[in-house]
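Taking it in order: structure first as structure tokens, then the write-up.
No value in this document is a laboratory result; all are computed from the given coordinates. These figures come from a predicted structure and were not determined experimentally. Don't worry about glycine lacking a Cβ; one is built from the backbone with ideal geometry, like all the others, and counts go over all protein chains shown.
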Amino acid sequence: MTVAVLALGLAACQAKTEDTTAGNEANVENAAVEDVNAATVDAGNAADNALDAAGNAIDAAGNAVDNAASAVGNAAENAAN
């Protein structure tokens, strides 16, 4: 009788262990999905920031060209006076 009770108890523990293992695997998979999603968001934000910085640099270069043209025009006008 004792052996039968121990065998049933061991069988019950085995099922619990398999459930726990499956739960742990699901948790690992969920964490991996969250990591991938976060990395995707981070990469997207980095790309957006790089594009914004490039656009700002182009705008600044355009402003520098405009300022240089104005300076040349002003210098020519000043020389004429």
- request: Go through the stretch 20-76 residue by residue and tally those that are more than 31 Å from the chain's Cα centre (by Cα) and among the charged types (D, E, K, R).
  value: 1
task: Test ALA64 against the criterion of being surrounded by 10 or more Cβ atoms within 10 Å (Cβ to Cβ) and either without any contact (Cβ under 8 Å) to a residue 12 or more places away in the chain or not in a helix (DSSP H, G or I) (or both), and give yes or no.
output: yes
